[in-house]
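Everything below concerns the one structure shown next.
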Amino acid sequence: MTTKSAPPRSFQEIIQRLQTYWGGQGCAVLQPYDMEVGAGTFHPATTLRALGPGHWAAAFVQPCRRPTDGRYGENPNRLQHYYQFQVIIKPSPPDFQDLYLGSLEAIGVDMEMHDIRFVEDDWESPTLGAWGLGWEVWCDGMEVSQFTYFQQVGGHDCHPVSGELTYGLERLAMYVLGVDHVMDMPFNDPDAAIPLTYGDIFRQTEEEYSRWNFDVADTDMLLRHFEDAETECTRILAQPADDPKTGKRIVMVHPAYDQCIKASHLFNLLDARGVISVTERQAYIGRVRALAKACADAFLETEAGGWAA
Amino acid sequence: MPDLLIELLSEEIPARMQLRATADLKRLVTTGLVEAGLTYKSAGGFVTPRRLVLCVEDLLAKSPKVREERKGPRADAPDKAIEGFLRSTGLTRDQLETRETKKGDVLFAVIERPGRPADAIVADVLEKAIRDFPWPKSMRWGAGSLKWVRPLHSILCILTDEAGARVVPLTVEGIVSGDSTVGHRFMAPSRFGVSGFEDYSARLKRAFVLLDHEERAKKIWHDATNSAFAQGLEVVEDRALLSEVAGLVEWPVVLIGDIGADFLGLPPEVLQTSMREHQKFFSVRNPKTDRIEKFVTVANRETADDGATILAGNQKVLSARLSDARFFWENDLRVARSGLTPWLERLKKVTFHRKLGTQYERIERIEALARDLAGPVGAPLEDATQAAQYAKADLASEMVYEFPELQGVMGRYYLAEAGMNAATARAAQEHYAPLGPSDDVPGAPVSVTVALADKIDMLAGFWAIDEKPTGSKDPFALRRAALGVIRLLLENDIRLRLDTYFDRQLLRYEIATNGEDEQTRDVLLALLNEIAENGVFSAAWHALKDTFGDKVPPHVEKVSENLPDTSADLLSFFHDRLKVYLHDKGIGHDVIDACIAMPVKDDLTLLVRRAEALQAFLKSDDGENLLQGFKRANNILTQAEEKDGVEYSFGGDIKFAEAAEEKALFKALADAETRIRQAMEAEDFSAAMEALAALRAPIDAFFEAVQVNTDNAVLRRNRLNLLSTIRTLCLTVADLRRIEG
């Protein structure tokens, strides 16, 4: 039997343990992507790297924004800004499930005492034109992770297939630490000289963003920015691959993809402002999907996407 | 003879796919074996979340030798023909036999295939089964290209006979078959070998895996009901959930826990739905209070603390879920008590269908139709109107947003909270019914009125925009809606001319979608009023033309041309659904067609009464013979009419009757005519059929004794006219020409 490590004491310790664990399994531990995204999947390390023949292994924390989920910091587990931990390995290793279970042990879940279950939950992202099959993982009836084998991204079949894990960090940490309200959760060590809770850091921002997201954000501006991002994304991808200045072949997929991410987030903000009708909704999602698809196509034309001269 | 054992071990198979997969594996493998000549005594499939298993008993050890003879071209045929034959048989020229036949020397191929050992056949069949497996959704993983429901990890495939067990060697995408498996993922994860099915299933049990889905379900139900019983409680039965949960565990351990006291005030449906949908918990009811007080969860393992940690975790998750539910409930109650208006306001912004407007507009149309229907159905007008107005208000409630399956159920609570009477509140729940062919049909008049209005409106709407079901495509469940109307009418014995309600609702859609022009709108509204008064579209249209004359806008002219066709098409859709429905009840399509051909075909209750009487009649000895008599009369008559180019329809004159049988038939027809007329006026179809039955003997006797087509033209004409009376009389009851056989 494995020796059990002492239980973690804070939110940040859980993140550190996950990073250490997956680093130990050979993943490159990346830093968060520096843009507003709705889910860790939007990180180019996931979306773009899932494409093409190249092998890949990465793990990272990604802050996520879901404007419609804002509750002014009052709901025990709903936030408009929260953290996901993502692991993506291509090709998916044969013992991916066991590796995952190892990560739960690493953050102090005692496998002998808990009931871990893999319950069917297929993943689909209409905005990314992506889908995969897998499960949500339950620990004593609570969903602690999403486990997916990517089948398609941006309309392209994934070959090899990536295995992707997403941990909802706040929820998982609350469970492991035995906390009932996210704002009460210790962020650093509770015995530190200056102990900080999640609420000390985020209660005020949740309030501020909830108000802005729901009632104040300038919708005309958001709409304009959406269209700007859309135009720029298309314009970037329309450039010839050969750069006249350097004479090199430079397909600018990442700058274009940044604009796609922006458009997606702006759509989420518009949605939270309640200015998108049910019928328009589908049209907006379709526009973002078209950008994601174009970026995916372009990625396959780059070296990282398997292009060879 | 050897036994075969196959286990396909994978990552967790979705519960909903498991039972189907067991049957598919059994079908694919056993069919493959039999096609290859391997017969067997019996076969059984099993499934757990991680393994798909098949065991086949007493399989032939070797397939029998097969000898096949094929006749080829003549020995002196051109080379090309002979080469073709050699290619198709895979033989060489000197392997062919030459035989003398009547047509000269002909080449024959004798192909002998030796028997193959079971091992080789099983390997081929299993590999093909794996590659062709019909999973509803399958995936690739790693760098491979094999598709399976989730990554496939190992293949156990062994044949066991007196000499012991041996592995059937096969390799699928790098997975090499073996004779071992693993136990429970957490409680006994190590690999062990097995020597046959009994050994396999016994060892699995020791490794904390119950192989049989049924056994797991039984254990869960047994343990759950026992723990509940010990506390004076009972588990709410839920077979679908039981089957699903049995597909989520290999080693079921039942745990019973408390629902926090704070949540016991929630409606039982809310508790049940929240627990079932989110947590896959069973509800546990206190029979004394009829309240749901506890839950049962099923864990997949035993623990040192007897599940205390697991149960505490589950309880915590449930509390969070139910806090949300209570929050929705309390918010909703505030709106309900204030009179529900905010929800109707919100429904003004919710699109029902792009071409059919908002939910609110639909509610308005349902309400108008419910007012039309309340009288005929027998519901108080005020209640029916109010029920139609608010029956869908809960669609805007927070609870229904969270749990769409609670639509209607919540409506009933909320309408009652808003102070409406019980019949009105009940309609909010019941107007969705019946949902399926075996679902209960509401009987309360207010519920029936709104249920009919809801469904007819939906059908009229989709007919108006020409989005009818085609083939297997019926995205708006319009077939189900039509069947719902049929069952509501028949099972409540409601007499209704559907036609006029179709017309009205189609017109209301026309007004909603094309009523911007004031003049058009006025004329259409006037037409709607005329229909309410006249009942029939054509009469209403003429009345309208009289009033408005040349002022009828061209668009309305067009409406009047198209609307009756659309309405008729919708009615024939109903007739098609009715045929399917009655076919299941043993009434043939031809019988229904014979009744649809009669007047008042849009009163389905009347139509079915006629069809039932006709079906019973045709089954009787008299009915069967009368039908033959009718057909004979009709054939003779039709042929004569074609030949003579005239229609015989005057009825004969008894004074030209010669034979006694002929005279008797005249008399019988006269009697029957009176009886049938009276019966039809009273809508007593059985009596009408009885009167027809009385004609059987005189008709039979007439054909026996009398020749219709005689040389005497006067007699012939008179007899043909007599036959036409038979035809006319029979056709007043049902169109017997459409009956087959």
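Kindly provide the set of residues from region B:138-174 that are in contact with a strand residue (DSSP E or B) (Cβ under 6 Å, 6 or more places away or on another chain), surrounded by fewer than 20 Cβ atoms within 10 Å (Cβ to Cβ) and of a type in the set (Val, Ile, Thr), ordered by number. Hit for region B:138-174 is B:167, nothing else.
Within the group A:190, A:195, which residue is assigned to a loop (DSSP other than H, G, I, E, B), in contact with an Asp or Glu (Cβ under 8 Å, 6 or more places away or on another chain), surrounded by fewer than 20 Cβ atoms within 10 Å (Cβ to Cβ) and away from chain B (no Cβ under 14 Å)? Write out each step before concluding.
On the way: A:190 fails: in contact with an Asp or Glu (Cβ under 8 Å, 6 or more places away or on another chain).
Residue meeting the stated conditions: A:195.
Residue count for region B:404-441 satisfying the condition of being closer than 25 Å to residue B:479 by Cβ and either outside the structural domain of residue B:382 (by TED's automatic domain parsing) or open to solvent by 10 Å² or more (accessible area, probe 1.4 Å) (or both): 15. When you scan region A:108-133, how many residues do you find that are within 20 Å of the chain's Cα centre (by Cα), farther than 17 Å from residue B:249 by Cα and either more than 8 Å from chain B (Cβ to nearest Cβ) or open to solvent by 10 Å² or more (accessible area, probe 1.4 Å) (or both)? So the answer is 10. In the set B:115, B:72, only one residue is under 56 Å from the mean Cα position of the chain (by Cα) and outside any loop (DSSP other than H, G, I, E, B); that residue is B:72. Each residue in region B:194-236 was checked for being surrounded by fewer than 17 Cβ atoms within 10 Å (Cβ to Cβ), in the same structural domain as residue B:156 (by TED's automatic domain parsing) and of a type in the set (A, V, I, L, M), and 1 pass.
Out of B:97, B:112, one residue alone is over 30 Å from residue B:24 (Cβ atoms), open to solvent by 30 Å² or more (accessible area, probe 1.4 Å) and touching a Lys or Arg at 6+ places or on another chain (Cβ under 8 Å). It is B:112. Of note, residue A:205 does not satisfy the criterion of being crowded, with 19+ Cβ neighbours inside 10 Å and among the polar types (S, T, N, Q). Condition first: in a helix (DSSP H, G or I), buried (at least 19 other Cβ atoms within 10 Å of the Cβ) and modelled with pLDDT of 90 or more. Can you find one or more residues in region B:508-527 that meet it? Checking region B:508-527: at least one residue is in a helix (DSSP H, G or I), buried (at least 19 other Cβ atoms within 10 Å of the Cβ) and modelled with pLDDT of 90 or more. If the condition is being in a helix (DSSP H, G or I), among the polar types (S, T, N, Q) and within 14 Å of chain A (Cβ to nearest Cβ), then region B:319-354 contributes B:319, B:323, B:331.
Which residues, counting only those in region B:479-515, are farther than 22 Å from residue B:436 by Cα and charged (D, E, K, R)? Answer for region B:479-515, where residues must be farther than 22 Å from residue B:436 by Cα and charged (D, E, K, R): B:495, B:497, B:499, B:503, B:504, B:508, B:510. Could you list, in sequence order, the residues of region A:53-78 that are open to solvent by less than 10 Å² (accessible area, probe 1.4 Å) and either within 14 Å of chain B (Cβ to nearest Cβ) or modelled with pLDDT of 95 or more (or both)? Across region A:53-78, the qualifying residues are A:58, A:59, A:60, A:62, A:64.
For region B:612-628, the count of residues that are more than 22 Å from residue B:705 (Cβ to Cβ) and assigned to a loop (DSSP other than H, G, I, E, B) is nonzero.
Out of curiosity, is residue B:56 under 18 Å from residue B:7 (Cβ atoms) and among the β-branched types (Val, Ile, Thr)?
On the way: under 18 Å from residue B:7 (Cβ atoms): yes; among the β-branched types (Val, Ile, Thr): yes.
Judged against the criteria, residue B:56 is a match.
Residue count for region B:404-455 satisfying the condition of being of a type in the set (S, T, N, Q), closer than 14 Å to residue B:267 by Cβ and part of a helix (DSSP H, G or I): 1.
Which one of B:192, B:208 is over 30 Å from residue B:62 (Cβ atoms) and in a strand (DSSP E or B)?
Matching residue, one of B:192, B:208: B:192.
From (1) under 29 Å from residue A:291 (Cβ atoms); (2) surrounded by 20 or more Cβ atoms within 10 Å (Cβ to Cβ), pick out the condition that doesn't hold for residue A:104. Just one mismatch for residue A:104, condition (1). Could you give me the residue pairs with C-beta distances under 7 Å whose first residue belongs to region A:135-162 and is in a loop (DSSP other than H, G, I, E, B) and open to solvent by 30 Å² or more (accessible area, probe 1.4 Å), whose second residue is modelled with pLDDT of 95 or more and among the small types (Gly, Ala, Ser) wherever it lies, and which are 6+ apart or on separate chains? Final answer for the pair search is A:155/A:296. A count restricted to region B:366-398 and to residues that are in contact (Cβ under 8 Å) with a residue 24 or more places away in the chain and either under 21 Å from residue B:348 (Cβ atoms) or open to solvent by 30 Å² or more (accessible area, probe 1.4 Å) (or both) stands at 23.
Scan the strands (runs of 3 or more DSSP E) fully inside region B:242-318 and keep the ones with 2 or more residues being outside the structural domain of residue B:48 (by TED's automatic domain parsing) and open to solvent by less than 10 Å² (accessible area, probe 1.4 Å). The strands (runs of 3 or more DSSP E) meeting that bar are B:282-286, B:291-299. Whether a residue is out of contact with any Pro (no Cβ under 8 Å at 6 or more places or on another chain), open to solvent by less than 60 Å² (accessible area, probe 1.4 Å), under 25 Å from residue B:179 (Cβ atoms) and modelled with pLDDT of 90 or more was assessed, and residue B:13 does not pass this test.
In this structure, residue B:605 qualifies as outside the structural domain of residue B:733 (by TED's automatic domain parsing) and open to solvent by less than 40 Å² (accessible area, probe 1.4 Å).
The values are calculated or read from the model by the stated rules, or taken from the named source; none is laboratory data. All values derive from a computational prediction rather than experimental measurement. Glycine gets a Cβ as well: all are built from the backbone with ideal geometry, and neighbour counts include every protein chain shown. These accessible areas exclude ligands, DNA and RNA; they are computed on the full protein's heavy atoms, side chains included. Shrake-Rupley method; radii C 1.70, N 1.55, O 1.52, S 1.80 Å.
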